[in-house]
Structure formats: C-alpha cells, structure tokens
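> One structure is given below, represented as structure tokens, and several questions about it will come after.
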C-alpha cells in the first residue's frame, strides 16, 4: 500500500470541474449544495479522485439527488467501502428544492454539475446549474465569441 503525504490532500479548493457544461448547456441559475457522503468518499475526494463530467440532477420523493457522479474507491479502505457511481443526496434549502423541481418539470431543463470543491470549513460542496441544452448554432456562436475575445486581446497587446 502506497502512503500519501499530508500535502497531497485537498483541504480547501477545487476537486473536480465540468468544463463542457457551459459549452453544452445554457446555464440560467446556479446553486451551491452540500453532499451526503460516506467516510471513504470524503477521503477519496481529498485525494482528488472524482469525475463530474457526466453528472446530472434528478428528483426522487421531493428530494434532489446527483446521479452518475464518479468517486473512486479509497485505496486504504478497511472492510467498509462505497459504490463508485451511486445517487448522492444534495443538501439544499426547501425553497431551492422547490425552485429546482419546478424548473425540472419543464421540457428540456436539466440540472448539471459544474464544480466540486471543499469550502473554507473543509466541507464538500457541489455547484449545480439549471440549464437547457444548446443547439449546434448556439455552440458555433460560443466558439466565435471565444475566438473573437482571444483575437481582440492579441490586438490590444500589440
């Protein structure tokens, strides 16, 4: 078993980010939610072993869950472990849950995971966004805007 140094652990800051979310979806609202995790999941997150690129939000029994979020198994586990891809409960305020459920009931709305991080108190938080899928012409527009900003910065630099 490989030992890990204390400095390799993430105490605060970014663990994982979904970079394609803003390209594939038009995000209208963002929420920061806590996560209901087990001990080995938190230890694995502290090592940075997570992937939220395919994660999305679902509604079950009046609660919001994040589905398809990958958290790798903790290597130094004892007898207890966790499932790598399971539905994890999001800890939100009642008003936020009602807003999200109302928006998800509309056609084309999706709850997408944007960032997974540890806040200043060391608690795992997930930033989720309510959005709608972009069409191909919207994606082309995004690419054109991004290239124009790069070109404008080059012209202003010289």
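> What is the extension gain from residue 8 to residue 85, computed as 0.36 nm multiplied by their sequence separation minus the C-alpha to C-alpha distance, in nm to one decimal?
25.3 nm
> Sticking with this structure for a sec: Label residue 67 and residue 139 with points 7 Å out from Cα along Cα→Cβ: what is the distance between them in nm?
Reported label-point gap for residue 67 and residue 139 is 2.3 nm.
> Related question: Report P(r) for the stretch 26-119: all Cα-Cα distances, bin width 10 Å, range 0 to the bin holding the largest distance, values in whole percent.
Each 10 Å bin holds this share of Cα pairs: 15, 48, 27, 9, 1.
> Another question about this same structure. Once you put a point 7 Å from the Cα of residue 27 and another 7 Å from the Cα of residue 123, both along the Cβ direction, what distance in nm separates them?
2.1 nm
> Using a Gaussian network model on the chain with a 10 Å cutoff between Cα atoms, which of 67, 75, 11 fluctuates the most?
Comparing 67, 75, 11 in a Gaussian network model of the chain, the most mobile one is 75.
> To test your reading of the geometry: what angle, between 0 and 90 degrees and rounded to tens, separates the Cα axis of helix 136-157 from the longest principal axis of the chain?
80 degrees
> Which semi-axes, in whole Å and largest first, does the equivalent ellipsoid of the chain have when worked out from the alpha carbon gyration tensor as the square roots of 5 times its eigenvalues? Before the final figure, lay out the partial values.
Numbers: eigenvalues 187, 111, 35 Å².
Semi-axis lengths for the chain are 31, 24, 13 Å.
> Comparing 88, 132, 20, which has the greatest mean-square fluctuation in the GNM of the chain with Cα pairs linked when under 10 Å apart?
Top of the fluctuation ranking is 20.
> What's the angle, to the nearest 10 degrees (0 to 90), between helix 94-104's Cα axis and the longest principal axis of the chain?
50 degrees
> At 222 nm, what value in deg cm²/dmol follows for the chain if DSSP H runs of at least 4 each add -39500 (n - 2.57) and the sum is divided by all its residues, to the nearest 500?
-8500 deg cm²/dmol
> Let me ask something additional. Which of 60, 144, 43 moves the most in a Gaussian network model of the chain with Cα springs under 10 Å?
Comparing 60, 144, 43 in the GNM, the peak value goes to 144.
> If you stretched the chain out fully between residue 19 and residue 95, how much longer would it get, using 0.36 nm times the residue separation minus the C-alpha to C-alpha distance?
Length difference between fully extended and current span is 24.6 nm.
> Suppose R0 equals 41 Å. What FRET efficiency, 1/(1 + (r/R0)^6) with r the Cβ-Cβ distance, do residue 155 and residue 60 give to the nearest 0.05?
On the way: r = 52 Å, r/R0 = 1.26.
Between residue 155 and residue 60 the formula returns 0.20.
> For the chain, what is the relative contact order in percent, using Cα pairs closer than 8 Å and at least 6 residues apart in sequence?
Once divided by the residue count of the chain, the mean separation gives 31 percent.
Where a number appears in this text, it was derived from the coordinates with a stated rule and is not lab data. Computed from a prediction, not measured in an experiment: that's the story for all the values here. In this analysis, Cβ positions are derived from the backbone assuming ideal geometry, glycine residues included, and neighbour counts consider all displayed protein chains.
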